[in-house]
Amino acid sequence: MNKKCQVFTPKDYVKKLLDSVGYINNLYGKKILENSCGNGNILIEIVQRYINDSRALNKSNVEIEDGLEKDIFGIEIDYEQYTECINNLNELLNKNGLNLINWNITNKDYLKWDIEKKFDFIVGNPPYINYTEIKKDELLYLKTNFKSCKKGKFDYCYAFIEKSITNLSENGKMSYLIPSSIFKTVFGFNLRELIKPFTKKIIDYSLKKIFNKALIKSAIIILDKTTIMEEEIEYIEEHSKKNLYLLKEKLSNKWIFSEIKVGSYRFGDYFKVSHVVATLSNSIYILKEKDYIETFDFYIYKNKYKIEKKIVYETASPRSLRYKNVEKIIFPYTYINNKLIRYEENEFRDNFPGVFIYLNDNKSKLINRKNDTSAKWFEYGRSQALQNIYNEKLLISTIVTEKINVYKLSKDCIPYAGVSIILKENNNKFLLKKAKEILESKDFFEYILSIGIPINGNSVRITSKDIENYYFMEE
């Protein structure tokens, strides 16, 4: 297990996890599992509660020791953490005047752990491992064995959640501290469908920082096998104490935890929302103002290259516009009658020898990009957006914090970051001005906060689909 994925649960949240599933009293004979137990900080609280409750029930020390062996289960893949966990639990026994026991704590991979036993409670803080950080052999195993991991760029914890559901008894309850992105990300759809029938409550900590060093926004999700017939899920936003009851049948692609004003017009039916150009090598194609001198026909770049002005366009990103940075972009294409025209290499070299020399000097970097198969070495790595970018457009960032900044760009500006908004060809009803008004409105901002994926700080990440699926009023 990657050490940086070992983020241990703060004590306050350990108590919340256990309280949320009712692991408080009448615990003797109830089986509980912590399936990524680390050094035991959750198990320590579990064991202490078990001992206290058993003594309240007048159980003898022998009965308590026997119960601990039979009712408390843990599993940890990391041997060092596993050993520390056993030592910590033994120390707890000594403090409580109990003899050492044979703990049912296992040093194995939970996802490959073959056990038929069912549990009354499962609690934990599963490892959060991003798709890109999962080893190839693990990816194959997850895709083969877990429905939640069949498609897309899933998180490692998806499989933990899925398997935990199967390990619950008929009346079992489960509480997990999970990334709150699970409720919104497109790759979490299969997981959401799996957990929806059993989800009883969600406690959202997106606006609070649980882990000191981790940037991940978290939530506690409570699943209960007995709630399969219940129609609603209780949602609590911990920071504001906002409380909602959500109909399960209305939770579809993304789980939205607020009441959204819904208009009559879908934004994407009138405006096209697209990713902007992807050069896959911005440092080569983008010319910063401090690095060039402008002459009548050329940009003298870094006192070395004569870049023909005919092939250089204005460019922008939400960041450059916010800080008022002036940038240019080499655009190795042209338009005739608004149709994209691609150059042959010889034609490009003959028409733009200065640019050709510059790009050729950087050819080794350009040919090592993960380009579209049809892309020539001197072209952008991706062909996305090229056909539609030559229009008047709006530009916004996919990261939203305190407000949405909307920038209007000319036809000749080729943005390289953010998403662009243009009129759809068949839109005879609304102007681009209307799109700007919508994107800057309070209603749209509240919609984005509810549907966006929480990231660091108070920011959310949005997608082009989120924008397209907004419904507005005509007014």
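The values are calculated or read from the model by the stated rules, or taken from the named source; none is laboratory data. All values reported here derive from a predicted model rather than from experimental measurement. Using ideal geometry, Cβ is built from the backbone for each residue, glycine included, and neighbour counts are taken over all protein chains shown.
Worth pointing out:
- Close pairs from segment 380-398: first under 17 Å from Tyr313 (Cβ atoms), partner among the polar types (S, T, N, Q) and assigned to a loop (DSSP other than H, G, I, E, B), Cβ under 6 Å, at least 6 apart: Tyr380/Thr279
- Selection from segment 88-113 of residues that are among the acidic types (Asp, Glu) and either outside the structural domain of Leu139 (by TED's automatic domain parsing) or not in a loop (DSSP other than H, G, I, E, B) (or both): Glu91
- Residue that is nearest to the chain's Cα centre (by Cα), among those in segment 346-392 that are within 21 Å of Tyr299 (Cβ to Cβ) and among the polar types (S, T, N, Q): Asn362
- Test: residue in segment 130-151 that is under 30 Å from Ser258 (Cβ atoms), within 18 Å of the chain's Cα centre (by Cα) and either surrounded by 18 or more Cβ atoms within 10 Å (Cβ to Cβ) or not assigned by TED's automatic domain parsing to the domain that holds Leu194 (or both): yes
- The condition (being aromatic (Phe, Trp, Tyr) and under 30 Å from Ile453 (Cα atoms)) is satisfied by just one residue among Phe296, Phe257: Phe257.
- Segment 178-187, subset touching a Phe, Trp or Tyr at 6+ places or on another chain (Cβ under 9 Å) and within 13 Å of Ser252 (Cβ to Cβ), residue surrounded by the most Cβ atoms within 10 Å (Cβ to Cβ): Phe183
- For beta carbons closer than 7 Å, sequence separation of 6+ or different chains, a first residue in segment 436-456 that is in contact (Cβ under 8 Å) with a residue 12 or more places away in the chain and assigned to a helix (DSSP H, G or I) and a second that is of a type in the set (Lys, Arg) and surrounded by 15 or more Cβ atoms within 10 Å (Cβ to Cβ), the qualifying pairs are Ile451/Lys184; Ile451/Lys254.
- Among the residues making up segment 308-337, those that are closer than 15 Å to Ser283 by Cα, of a type in the set (A, V, I, L, M, F, W, C) and without any contact (Cβ under 8 Å) to a residue 60 or more places away in the chain are Val312, Val326, Ile330.
- Of all residues in segment 398-440, exactly one satisfies the criterion of being among the small types (Gly, Ala, Ser) and either modelled with pLDDT under 95 or on the phi > 0 side of the Ramachandran plot (or both), namely Gly418.
- Qualifying residues in segment 23-36 (those that are buried (at least 21 other Cβ atoms within 10 Å of the Cβ) and under 21 Å from Asp66 (Cβ atoms)) - the one farthest from the chain's Cα centre (by Cα): Leu27
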